[in-house]
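Each value in this text was obtained by applying a stated rule to the coordinates, not by laboratory testing. Not measured: the values here are computed from a predicted model. Because the Cβ atoms are built from the backbone with ideal geometry, glycine has one as well, and the counts that use them run over all protein chains shown.
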Amino acid sequence: QKYLFRIPHSNEFADYVWPGMIVNPEKIISLNEIEFGPDDVVIASYPKSGTTWASEVLSAIAHEGNIDALKSIRMDERVPWIELDDKAWWIKFFYVWKNKMFSTGVDVRPAKKRICFTHLPLELLPTSILEGKCKLLYVARNPKDQAVSYFHFHRMARFLGLQTHTTWDEFFPLFCSGYLYCGSWFEHVLSYWKFTQNNPMAKFICYEDMKRDLMGEMESLEQFVGVPLSIEQRINVVKHCSFDSMKDNKMTNRNGVMLFNEKICKFMRKGIVGDWKNYFTVTQSEAFDELYKKKMEGSGLQFEFE
Ligand code: A3P
């Protein structure tokens, strides 16, 4: 469903497609009551861009490389989703109960920073984040792989309302038009791209960079978060955050979430760069390249597609 929604602190309205079951406008407005401060790092992304991966990496940094802490506290506790509706507590309850995922990390040293994540478009972020009271990390992924991942996600996530039998050919035009949850990929990414430029409180990273050299990315992420790790700790974190390790780790793999139909696919699906080639036809690829060129022109932002 598409709603018109008043942007906080302005008289303007924004279009937005809401997965009504888990996100609602009232909750988003209420986020303005939270004072984000210097000890907070907010991860923002368009869904399926590597949010969960970046969350685990940042959480590891915030926990000073303490892998035991990461393994004994559920990810949704370490890195909460800020706009998740409070009424969605029941989803969490069944999830935890069904999978016996009781966090045991009570005697773990507290994290040095609070990490959370959001998929909100820039204009809907709480004011204290926009004013630079806390750090903001934006994670982006090349839109062709993102679209393929989002296609699978739309078929398996029951709250997004697309049918499981929806085909790629049906999904592709929806993605290009931006008529999906979180709206246009281009608008989401470009607004954050502008926001993060020359902004010492903000940083923009790409999925493909993490894939190519997570060790190198870690160093700059540690600096950004303000918690340096030793080389040994960094090596352990990189190992812990590999796709295979996160896929096998029930604290991070999101297996068993009731709202996901895992017969269609798992949340941790493939974790690769270039899977789009298995889905885009030549015509779709060319049409998308055209759109991409038009929308991204002059932005200075470039992605790697393979
Ligand atoms: P695929 O569907 O292409 O496999 P998000 O967390 O933003 O929803 O993104 C999910 C995507 O990131 C999925 O992509 C998922 O497999 C991938 N992903 C999650 N953890 C990863 C990791 N450690 N390494 C590489 N990709 C990862």
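If the limit is 21 Å between Cα atoms, which of 27/92; 112/270; 98/247; 92/247 go over it? Spell out each step's value before the answer.
Values: 27/92 17 Å; 112/270 32 Å; 98/247 18 Å; 92/247 19 Å.
In this structure, 112/270 exceed 21 Å between Cα atoms.
For a paramagnetic label modelled at 7 Å from the Cα of residue 304 toward its Cβ, which residues of region 192-207 fall within the zone defined by backbone nitrogen distances under 19 Å?
Answer for this model: 204-207.
Could you tell me the distance between the Cα centroids of region 26-67 and region 159-184, to the nearest Å?
26 Å
As an exercise, use a Förster radius of 22 Å and the Cβ-Cβ distance of residue 158 and residue 275 to find the FRET efficiency, rounded to the nearest 0.05.
Working: r = 23 Å, r/R0 = 1.05.
Here the calculated transfer efficiency is 0.45.
Compute the distance from the alpha-carbon center of region 209-225 to that of region 248-306, in whole Å.
With region 209-225 and region 248-306 each reduced to a Cα centre, they are spaced 21 Å.
Rg and Dmax of region 176-306, using alpha carbons, in Å: what are they?
For region 176-306, the Cα radius of gyration and maximum Cα-Cα distance read 17.7, 48 Å.
What distance in nm separates the simple spin-label points at residue 179 and residue 29, each placed 7 Å from Cα in the Cβ direction?
2.8 nm
Between residue 102 and residue 286, how high is the FRET efficiency from 1/(1 + (r/R0)^6) when r is the Cβ-Cβ distance and R₀ = 41 Å? Nearest 0.05.
According to the calculation, E is roughly 0.20.
Label residue 231 and residue 133 with points 7 Å out from Cα along Cα→Cβ: what is the distance between them in nm?
With each label placed 7 Å out from Cα toward Cβ, I get 4.1 nm.
Along its principal axes, what span do the Cα atoms of region 22-147 show, with the longest given first and each in whole Å?
Between the extreme Cα coordinates on each principal axis of region 22-147 lie 38, 36, 31 Å.
Report the relative contact order of the chain, percent, no decimals, based on alpha-carbon pairs under 8 angstrom and at least 6 residues apart. Numbers along the way, then the final one.
On the way: 436 pairs, mean separation 77.6, N = 306.
Answer for the chain is 25 percent.
Could you give me D for region 2-296, from Stokes-Einstein at 37 °C and 0.692 mPa s, where the hydrodynamic radius is the Kirkwood radius over C-alpha pairs? Units µm² s⁻¹, please.
Values: Rh = 19.8 Å.
Taking Rh from Cα pairs, D becomes 166 µm²/s.
Tell me, in nm to one decimal, what length is gained between residue 191 and residue 72 on full extension, where the rule is 0.36 nm per residue of separation less the Cα-Cα distance? Walk me through the numbers before you get to the answer.
On the way: separation 119, 0.36 × 119 = 42.84 nm, distance 3.62 nm.
39.2 nm is the gain from fully extending residue 191 to residue 72.
Which far-off residues, 5 or more places away or on another chain, put their amide H under 5 Å from the one on residue 24, with H placed in the peptide plane?
For residue 24, the qualifying residues are 85.
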